[in-house]
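**Q** The structure under discussion is supplied below as structure tokens; questions concerning it will follow.
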């Protein structure tokens, strides 16, 4: 009885380097980045979730962060009082617009520079004006609040850490996106989202069957040429469309035929070929999803080693604000439920389904990748090379 | 104040070797076998729980195993796709009788040999026909599906790992047995089940009081002569009946008498003396339980280090199928509830009651065994000697 | 961007040694005492919670302890049978007044000396009269049952481990106190209870606003002179009142004034200046709380490293039993709910709010204490010096 898996043969190697990568695992920094890559920008929440004067705590890459909006601008500080480590967000107190006060002893910090500006219970304390908590650079764009987790000063431009196109002037981005906590490491989410063959899990999704679009069972990548986008000063990513791609419309299992639900050329069906690209630190864009002309933007933001925040929104290039508003309503009424509550749930199941193997077991060593995973190995190599720093506990 | 327990005296030693064993602990392999003994057969489920074409995942000794029935026969494979480690059983997919397909990317394995026979999302993959997942030998006998956890090829005969008599032609075995997950290590379950003195916990069980049988408070074993059964090619076990045994009918606590509920010779009560034996890897049989002529078969199948599956069924030697059916109905209507929901619950409490001391603390070193535990020390020594291999994480 | 906190300056140091202590952390034994200090007396329960003949299990400093009342007196033994480690308290069995019997095999111990006096399932066992489980000294005073956790023989007088005054003849102590389990290490509870500035969290508590008393925002301690009470044979504690204290009635945050709800001298308000002291091993007393002439006694009894039992009761010096009864009724009808369900909940939130920082993170190294924490650093130093021994796992 043969109980060990055989080693992959040369045939596999020649078709794209997956097997070669599988053997040598040229992504050691990626394997260490269970908490994410440091010194990058991450989306923390949607703008509408933080009203004027409001405070909210979020966990980003294992760090507790407090966000507060002051005169329209958002500021972020470490969400622990320097005194005894309690989280401001547990019982937010704000006596002035610029400050947050710790509910425990009244340590009051300016959220713009992190400086201790007052201690209510000891006003003449020598600590006032001297103690300072960490502040985080914040940028708010297109209805999302981005926080820079790291130490670089100044931080790199936000644009370097975003999916291209997101910030374009004509790109309307849906302000009422969705987010949920998923019980898997962020890397499993990124790899699932970018996976060229994972579309198999979606084949019966109401989103696809109702729109009668032709989704192949999988897509094999034969080449990595031109896939990687890594300009000196721009975002670092992998664009699937750049590789040679072969859609799979049917397969056979011991004589039984398995076919995509709708085949190309079939009457009454619509060709559907969204293009996917994956960007550091953790952002995906699907061009042409759910329909042509629409972009689905996703982020897999590390919360801790075993969970991530799955953030989704949509964009479309529009000529006017009226068109933008129409687009947002289209998402709300026609697409959001089908995507968020149906389609994406399959992805969530896949990410959580891998979690035990990778986080408790030695999945990173024992996995057996196949040709369509060329996208994933390219992503790992890119992240390994361009991920600025590895986030480590503790802060 | 004397706060350390005194060492056991010589008197204890001379009566059966318990104290001597207590000192020297001659069962180091048993202490390592928190996950069970490898290269043995284990019951995975009852036959009726797996219909034709059905798939089910079970955890055996820390290994995820998928069972599928094909044309009546049951096959078992590792319940993780070789690709990314997802469990087939999370969303079972079967396009053909012989195969199971991973719901994530369509990796399809023949369940009979574990070979990858197709990948739906990349039909021409070089992995097809080469990648193979572990398969497990399976045998189905007497309404139970047994799986061999190990590497021996061929595996030893199933008969060597079963309670003697179970497979006898005239032994009718109840197909609708019971199983439940219990939160204790499997060894604590085995030791509780085989314990000659643990019957004390059952003294007020409705099963016994309703049948008015005479159960002693405990049974002291004075001798280990002839207890161990370990023929070259047969099952390895300890038979309680082979040792000299003294039933305890009453005891005294500071002048207060404690007596068994029904005494032998008392009017209207029935003598009751079931005989118990314990067999590798984890099977018990109680001969004469719940009544003379009936056998209760039990297994304590390791799930992981802190839990086991408690499997119970019953047997009786019968001359015909009609008698067998009558027996099964007797179990269903008269005994099952009394045993499963009343009697066995005391055992479950005892196993879970020991768990913290043994699994979190150093109970294996600190326990103080007494004479009736001769059965337990003999079992430990037997398991230490004949347990084929120690199961270790990870697979 | 300045992201590291600045070191504390000399100004801080000169005012009481907090900053100096902060730097040198002269309390290494206190840092090790996550499970509490061994060889001290701890309150286990209120007398009324243990009726004649009753048994109860409690966890003290990680040790399971069984309490039983025999002819009025309370005895304590280790709550694990020496045989297989099951807890007596899981299914208490008592055949005689003096004994507890293990429900599993009938091992029966005299609770007064811990000796094994009988084994129901093996009456002639050589272990009888020889095996012995640990017993714990017990004293019952003022409606509370105290247990000595340690090895000293004889144990030091209970009086050394109690808040002064508690045992005074004229001190009526409410027998129906309260206790609850709180999810924080006991040291965080002690430090919160004794903290001179934590009163800020109580500023809107109905207890204070309904009684219209003047509570400052905080109290700054400028001196540690005379604070420590450490007589050779008496309790070891820190008395807040002994240090110079400056109440803070108002503070300013960027021009915004923050003031105590009621100011001294304001019409219709009552001056309110309870004095607090903290005593080894884990007892607090607030003199003048909730009103002048009443003492609130608290204990933070370690259960394990991450939780403690928060015990609260009240005392008042009274001339007669009639007055004592009147006092108890006043507590019941007027104060108990306001204190236990309102006021104390703020403290519980504070203790639990610090837990992650100190128990998962490196809070003991990263905290930034300020002047009012002089009380806390004095307490740490006292506990470091006079805590008799450090409790360690396992027993």
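**Q** Condition (residue is more than 14 Å from chain A (Cβ to nearest Cβ), under 29 Å from the mean Cα position of the chain (by Cα) and closer than 18 Å to residue A:122 by Cβ) applied to segment C:260-279: is it met by at least one residue?
**A** Scanning segment C:260-279, I find at least one residue that is more than 14 Å from chain A (Cβ to nearest Cβ), under 29 Å from the mean Cα position of the chain (by Cα) and closer than 18 Å to residue A:122 by Cβ, so the answer is yes.
**Q** Same structure again: Only one of these is assigned to a strand (DSSP E or B) and either farther than 24 Å from residue C:371 by Cα or at pLDDT 95 or above (or both): C:258, C:322, C:276. Name it.
**A** Working: C:322 fails: assigned to a strand (DSSP E or B); C:276 fails: either farther than 24 Å from residue C:371 by Cα or at pLDDT 95 or above (or both).
That would be C:258, the only listed residue that is assigned to a strand (DSSP E or B) and either farther than 24 Å from residue C:371 by Cα or at pLDDT 95 or above (or both).
**Q** Looking at segment A:156-177 only, could you name the residues that are surrounded by 21 or more Cβ atoms within 10 Å (Cβ to Cβ) and over 17 Å from the mean Cα position of the chain (by Cα)?
**A** First pass over segment A:156-177, keeping only residues surrounded by 21 or more Cβ atoms within 10 Å (Cβ to Cβ): A:161-163, A:166, A:172-174, A:177.
Of everything in segment A:156-177, just one residue is surrounded by 21 or more Cβ atoms within 10 Å (Cβ to Cβ) and over 17 Å from the mean Cα position of the chain (by Cα), namely A:172.
**Q** Quick one: in segment B:68-88, of everything that is within 25 Å of the chain's Cα centre (by Cα), assigned to a strand (DSSP E or B) and without any contact (Cβ under 8 Å) to a residue 60 or more places away in the chain, which residue is nearest to the other protein chains (Cβ to nearest Cβ)?
**A** Per the stated criteria, the residue is B:77.
**Q** I'd like the full set of residues that are more than 7 Å from chain C (Cβ to nearest Cβ), within 19 Å of residue C:343 (Cα to Cα) and in contact with a helix residue (DSSP H, G or I) (Cβ under 7 Å, 6 or more places away or on another chain), limited to segment A:92-105.
**A** Of everything in segment A:92-105, just one residue is more than 7 Å from chain C (Cβ to nearest Cβ), within 19 Å of residue C:343 (Cα to Cα) and in contact with a helix residue (DSSP H, G or I) (Cβ under 7 Å, 6 or more places away or on another chain), namely A:102.
**Q** Further, regarding this structure: Go through the residues of segment C:305-315 one by one and say whether even a single one is within 12 Å of chain A (Cβ to nearest Cβ), surrounded by fewer than 22 Cβ atoms within 10 Å (Cβ to Cβ) and in a loop (DSSP other than H, G, I, E, B). First the steps, then the outcome.
**A** Quick first cut of segment C:305-315, residues within 12 Å of chain A (Cβ to nearest Cβ) only: none.
No; the residues of segment C:305-315 include none that is within 12 Å of chain A (Cβ to nearest Cβ), surrounded by fewer than 22 Cβ atoms within 10 Å (Cβ to Cβ) and in a loop (DSSP other than H, G, I, E, B).
**Q** If you don't mind, there's one more thing I want to ask. Exactly one condition in (1) closer than 22 Å to residue A:276 by Cβ; (2) touching a strand residue (DSSP E or B) at 6+ places or on another chain (Cβ under 7 Å) is not met by residue A:164; state its number.
**A** For residue A:164, the exception is condition (2).
**Q** Read through the list (1) modelled with pLDDT of 95 or more; (2) crowded, with 18+ Cβ neighbours inside 10 Å; (3) over 27 Å from residue A:204 (Cβ atoms), then give the number of the only condition that residue A:367 fails.
**A** Condition not satisfied by residue A:367: (3).
**Q** Right, here's the next one. Specify the residue that is modelled with the lowest pLDDT; the eligible residues are those in segment B:325-337 that are more than 16 Å from residue B:288 (Cβ to Cβ) and crowded, with 17+ Cβ neighbours inside 10 Å.
**A** By that ranking, first place goes to B:336.
**Q** Do we find that residue C:145 is surrounded by 18 or more Cβ atoms within 10 Å (Cβ to Cβ), part of a strand (DSSP E or B) and in contact (Cβ under 8 Å) with a residue 60 or more places away in the chain in this structure?
**A** Working: surrounded by 18 or more Cβ atoms within 10 Å (Cβ to Cβ): yes; part of a strand (DSSP E or B): yes; in contact (Cβ under 8 Å) with a residue 60 or more places away in the chain: yes.
Considered against the rule, which asks whether it is surrounded by 18 or more Cβ atoms within 10 Å (Cβ to Cβ), part of a strand (DSSP E or B) and in contact (Cβ under 8 Å) with a residue 60 or more places away in the chain, residue C:145 comes out as yes.
**Q** Continuing with this model, one more query. Here is a check on your reading of the model: is residue A:362 over 17 Å from the mean Cα position of the chain (by Cα), over 23 Å from residue A:309 (Cβ atoms) and surrounded by fewer than 16 Cβ atoms within 10 Å (Cβ to Cβ)?
**A** Considered against the rule, which asks whether it is over 17 Å from the mean Cα position of the chain (by Cα), over 23 Å from residue A:309 (Cβ atoms) and surrounded by fewer than 16 Cβ atoms within 10 Å (Cβ to Cβ), residue A:362 comes out as yes.
**Q** Can we say residue C:226 is at positive phi, in contact with a helix residue (DSSP H, G or I) (Cβ under 7 Å, 6 or more places away or on another chain) and surrounded by fewer than 22 Cβ atoms within 10 Å (Cβ to Cβ)? Steps first, please.
**A** Working: at positive phi: yes; in contact with a helix residue (DSSP H, G or I) (Cβ under 7 Å, 6 or more places away or on another chain): yes; surrounded by fewer than 22 Cβ atoms within 10 Å (Cβ to Cβ): yes.
Yes: the conditions hold for residue C:226.
**Q** Moving to a separate point now. Give just the number: which of (1) free of Cβ contacts under 8 Å to residues at least 60 places away in the same chain; (2) in contact with a strand residue (DSSP E or B) (Cβ under 7 Å, 6 or more places away or on another chain) does residue C:226 not satisfy?
**A** (2)
**Q** Now for a separate question. Test residue B:58 against the stated conditions and say whether it is more than 7 Å from chain A (Cβ to nearest Cβ), in contact with a helix residue (DSSP H, G or I) (Cβ under 9 Å, 6 or more places away or on another chain) and at pLDDT 95 or above.
**A** So residue B:58 passes the test.
**Q** Given the options A:121, A:108, name the one that is within 18 Å of residue C:195 (Cβ to Cβ), out of contact with any helix residue (DSSP H, G or I) (no Cβ under 6 Å at 6 or more places or on another chain) and either at the interface with chain C (Cβ under 7 Å from one of its Cβ atoms) or not in a loop (DSSP other than H, G, I, E, B) (or both).
**A** Just a single option satisfies the conditions, and that option is A:108.
**Q** Still on this structure, please answer the following. With the checklist (1) more than 10 Å from chain A (Cβ to nearest Cβ); (2) farther than 24 Å from residue C:18 by Cβ; (3) modelled with pLDDT of 95 or more in hand, flag the one item residue C:386 doesn't pass.
**A** Evaluating residue C:386 over (1) more than 10 Å from chain A (Cβ to nearest Cβ); (2) farther than 24 Å from residue C:18 by Cβ; (3) modelled with pLDDT of 95 or more leaves (2) as the failure.
**Q** Out of A:9, A:114, A:53, I need the residue that is over 25 Å from the mean Cα position of the chain (by Cα), at pLDDT 95 or above and facing another protein chain (nearest Cβ under 10 Å). Which one?
**A** A:114
**Q** Could I ask something else about it? Say whether the condition of being in the same structural domain as residue A:47 (by TED's automatic domain parsing), buried (at least 19 other Cβ atoms within 10 Å of the Cβ) and closer than 24 Å to residue A:51 by Cα is met by at least one residue in segment A:120-134.
**A** Looking for residues that are in the same structural domain as residue A:47 (by TED's automatic domain parsing), buried (at least 19 other Cβ atoms within 10 Å of the Cβ) and closer than 24 Å to residue A:51 by Cα, one finds at least one in segment A:120-134, hence yes.
**Q** Working carefully through the options A:356, A:383, A:349, find the one that is in contact with a helix residue (DSSP H, G or I) (Cβ under 6 Å, 6 or more places away or on another chain) and either without any contact (Cβ under 8 Å) to a residue 60 or more places away in the chain or in a helix (DSSP H, G or I) (or both).
**A** A:383
**Q** Of the numbered conditions (1) assigned to a helix (DSSP H, G or I); (2) within 13 Å of another protein chain (Cβ to nearest Cβ); (3) at pLDDT 95 or above, residue B:159 fails exactly one; give the number of that condition.
**A** (2)
**Q** Moving to a separate point now. Residues that are within 14 Å of chain A (Cβ to nearest Cβ): list the strands (runs of 3 or more DSSP E) wholly contained in segment C:164-244 that include at least 1 such residues.
**A** C:218-221
**Q** Assigned to a helix (DSSP H, G or I) and modelled with pLDDT of 95 or more: does that describe residue A:343?
**A** No.
**Q** Let me ask something else about it. Within 30 Å of residue A:265 (Cβ to Cβ) and in contact (Cβ under 8 Å) with a residue 24 or more places away in the chain, is that true of residue A:210?
**A** yes
**Q** Kindly indicate which of C:42, C:30 is buried (at least 24 other Cβ atoms within 10 Å of the Cβ) and either closer than 26 Å to residue B:362 by Cβ or more than 9 Å from chain B (Cβ to nearest Cβ) (or both).
**A** None of the other options fit; the residue is C:42.
**Q** Looking for whichever is within 23 Å of residue C:183 (Cβ to Cβ) and touching a residue at least 12 places away in the same chain (Cβ under 8 Å) here; the options are C:318, C:340. Which one fits?
**A** Only one candidate passes the filter, namely C:340.
**Q** Name the residues in segment B:89-105 that are assigned to a strand (DSSP E or B) and surrounded by fewer than 24 Cβ atoms within 10 Å (Cβ to Cβ), would you?
**A** Hits for segment B:89-105 are B:93, B:99.
The values are calculated or read from the model by the stated rules, or taken from the named source; none is laboratory data. For clarity, every value in this text was computed on a predicted model and none was experimentally measured. Neighbour counts run over all protein chains shown; Cβ positions are idealised from the backbone, glycine included.
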